[in-house]
Amino acid sequence: MFIIKKERKGKDYYYLRQSIREDGKVKAKTLAYLGKTKKEAELKAKEYKSKTENKTMEEAKRKEITIDELANFCKRKGFIYPSADIYGGLAGFWDYGPIGAELKNNIKAQWWKHHVHGREDTVGIDGAIITNPKVWEASGHVENFTDIAVVCKKCKNKFKVDESELKDAICDKCGGEIESKGKFVPMFTTQVGPIEEDSTLAYLRPETAQLIFTNFKLVQDNARLKLPFGIAQIGKAFRNEIAPRNFIFRVRELEQMEIEYFIDPNKKDECPYEIEDIEIKLLSADMQEKNSGPELMKIKTALKNKIIQLPWHAYWLSSSLNWFKSLGANMENFRIRQHTKNEKSHYSTDTWDLEYKFPFGWKELQGIADRGTYDLAAHQEKCGKSMEIMDDASGKKVLPMVVAEPSFGVERAFLVFMNEAYASKGEDNVVLKLSPKIAPIKAAIFPLVKKDKTLVQIAKDIYKNLRKEWNVIYDESGSVGRRYARNDEVGTPFCITVDGDSEKKKDVTIRNRDNGEQKRIKIENLKDILRNLISGEISFNDLK
Ligand code: GAP
């Protein structure tokens with residue numbers, strides 16, 4: 001960082017700048033305005049640097065958490081337990097406790113709000129988990145959704161490899177020689193019908209997407225959708241993973257949040273929406289081949305330089321990143337990576353992954369694939385019914401293509417938000433800095449003294465009133481400090497305390513989880529203020 005002086009109309013202005021590498025070039029970026037005198041500038045620069053260092057130290061603290069520590073914390077605080085823990089659990093299956101169920105529901109609700117209710121071109125559906133097995137024959141899952149299971153001859157580590165990688169593969173744990181156990185289809189099977197000879201072999205869906213394709217014509221007709229449009233779905237999916245690992249990162253029972261975004265194939269380059277120009281680490285297929293990158297780049301620059309081929313992909317990548325950003329995630333922990341030629345799914349011509357820096361390294365968070373007309377064409381052929389729709393603009397029938405399939409595991413989003421929020425305070429205290437929008441408990445209400453009947457009554461009345469709108473709790477046990485700490489650990493953003501002045505002044509204190517700051521507010525304004533704080537319309541600093 002360095003200070004520069006600029007002269008304008010005879011006056012001096014000081015700025016703090018930093019050299020950064022952007023799109024392969026070194027550029028100087030202004031970080032802050034420092035005032036009009038050298039002394040003032042030096043002082044402000046010092047403050048800025050110390051603030052940044054503190055932030056970096058906090059970041060460093062946060063990053064120290066391992067995935068096992070996070071799993072232990074989640075169990076201890078009621079977020080997530082191994083499924084049927086009393087019997088020793090079952091690999092790849094997890095149960096969500098009282099706090100975890102709330103957080104998971106809030107993540108899904110925020111996704112639905114952003115991607116379905118927040119868009120005029122998208123509707124949502126809720127398809128069945130078990131459906132006609134022909135769906136999975138048509139989609140190519142029965143034939144192509146296969147993995148090769150391998151076992152390390154030395155450490156017995158089991159994992160899966162792609163057929164193309166089998167020849168050169170070595171153990172991903174110890175580097176030992178591996179032995180192939182052959183191909184397997186990671187779809188769970190079941191029998192539909194109680195009498196075995198009359199029953200049908202069926203699959204538990206391995207993705208939610210296919211139900212969007214099979215219902216495509218009905219949904220388009222019912223919702224009177226015109227191209228381009230999206231159909232979204234949140235729901236369970238099942239994959240018999242050979243090696244479930246890293247807590248809830250790779251599970252056997254998962255939940256997906258998926259959108260199939262349909263366009264006229266003749267209008268592949270026409271994206272009518274504004275692309276938010278987010279700056280992000282980018283790793284193209286080319287960079288991976290050359291063992292270079294990633295490079296920090298603006299999404300629009302990547303599009304202009306034809307690294308991202310389609311405007312629609314740039315749009316969906318930035319829209320997905322934006323969703324994380326709107327819920328408080330730090331973009332430094334995200335990057336976008338293009339699939340290499342060997343990696344792409346059987347249906348895709350171009351795929352980008354959104355990756356996140358998990359405690360165990362950079363891993364896939366979300367895939368954005370161009371599926372072309374593969375699925376609709378396959379179902380059309382298998383069921384013998386047309387999947388074409390009338391395009392009003394051209395007056396012709398078209399078979400729409402999926403230009404982007406933002407497909408996303410709820411468990412991975414859960415891990416991201418927990419990892420981003422987890423911060424330690426002092427020796428043992430954890431403060432979970434979750435965005436108020438997804439925090440499991442929005443507020444905790446305390447009487448300062450539990451023996452004071454008046455304070456208890458006021459606190460309980462507030463609790464009853466707030467409970468009509470949010471998940472809030474009433475807590476009167478232990479010292480107020482202990483109650484704050486308990487709530488900090490599960491991410492409750494606001495604690496409301498009724499004290500000796502509350503009866504006379506008709507007000508309470510409200511405490512901000514992230515810095516412990518407290519303000520007094522009138523009880524009659526509490527609900528409106530809380531609503532605005534949760535939605536982000538106002539910040540805690542805006543309170544007088
Ligand atoms: N419809 C496309 C599809 O299912 P995918 O890349 O196989 O594509 C999409 O899965 C997303 O689902 C992944 O990016 C990941 O977030 C999540 N996902 C897939 N398998 C998972 C697993 N075993 N455990 C947790 N999440 C998983």
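The values are calculated or read from the model by the stated rules, or taken from the named source; none is laboratory data. Keep in mind the model is a prediction, meaning the values are calculated, not measured. Glycine gets a Cβ as well: all are built from the backbone with ideal geometry, and neighbour counts include every protein chain shown.
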Note on the stretch 470-484: residues surrounded by 16 or more Cβ atoms within 10 Å (Cβ to Cβ) and either more than 29 Å from the chain's Cα centre (by Cα) or modelled with pLDDT under 95 (or both) are Tyr474, Asp475, Glu476, Val480, Arg483
Margin query: Given the criteria away from the ligand (no atom under 13 Å from the Cβ) and among the aromatic types (Phe, Trp, Tyr), does Trp323 qualify?
Written below: yes
For the stretch 222-264 the number of residues that are charged (D, E, K, R), in contact with an Asp or Glu (Cβ under 9 Å, 6 or more places away or on another chain) and farther than 25 Å from Asp147 by Cα is 2
Within the stretch 422-431, is there a residue that is without any contact (Cβ under 8 Å) to a residue 40 or more places away in the chain, at positive phi and either buried (at least 21 other Cβ atoms within 10 Å of the Cβ) or of a type in the set (Gly, Ala, Ser) (or both)?
yes
message = Looking at the stretch 269-290, can you tell me whether even one residue there is over 26 Å from His114 (Cβ atoms) and of a type in the set (Lys, Arg)?
response = yes
The residue that is farthest from Lys281 (Cα to Cα), considering only those in the stretch 330-341 that are within 15 Å of the ligand (Cβ to nearest atom) and under 18 Å from the mean Cα position of the chain (by Cα), is Arg337
With criteria (1) touching an Asp or Glu at 6+ places or on another chain (Cβ under 8 Å); (2) farther than 23 Å from Tyr81 by Cβ; (3) among the β-branched types (Val, Ile, Thr), Ile441 comes up short on (2)
Restricted to the stretch 233-273 and to residues being more than 20 Å from the chain's Cα centre (by Cα) and part of a strand (DSSP E or B), the residue farthest from the ligand (Cβ to nearest atom) is Ile263
Only one of (1) buried (at least 18 other Cβ atoms within 10 Å of the Cβ); (2) at pLDDT 95 or above does not apply to Met331, and that is (1)
Flagged in the stretch 339-357 as at pLDDT 95 or above and not aliphatic (A, V, I, L, M), in numbering order, are Glu355, Tyr356, Lys357
Picking from Leu211, Leu218, Leu282, Leu227, the residue that is assigned to a loop (DSSP other than H, G, I, E, B), of a type in the set (A, V, I, L, M) and either surrounded by 21 or more Cβ atoms within 10 Å (Cβ to Cβ) or away from the ligand (no atom under 16 Å from the Cβ) (or both) would be Leu227
Could you check, for the stretch 396-416, whether at least one of its residues is surrounded by fewer than 21 Cβ atoms within 10 Å (Cβ to Cβ), in contact with a Lys or Arg (Cβ under 8 Å, 6 or more places away or on another chain) and farther than 30 Å from Asn132 by Cα?
no
Reported set for the stretch 173-215 where residues are charged (D, E, K, R) and within 25 Å of Arg371 (Cα to Cα) is Lys183, Arg205, Glu207
Checking Lys544, Lys505, Lys464 in turn, the sole residue that is at pLDDT below 95 and surrounded by fewer than 14 Cβ atoms within 10 Å (Cβ to Cβ) turns out to be Lys544
Within the stretch 508-541, of all residues that are farther than 23 Å from Lys450 by Cα and among the polar types (S, T, N, Q), the one surrounded by the most Cβ atoms within 10 Å (Cβ to Cβ) is Asn532
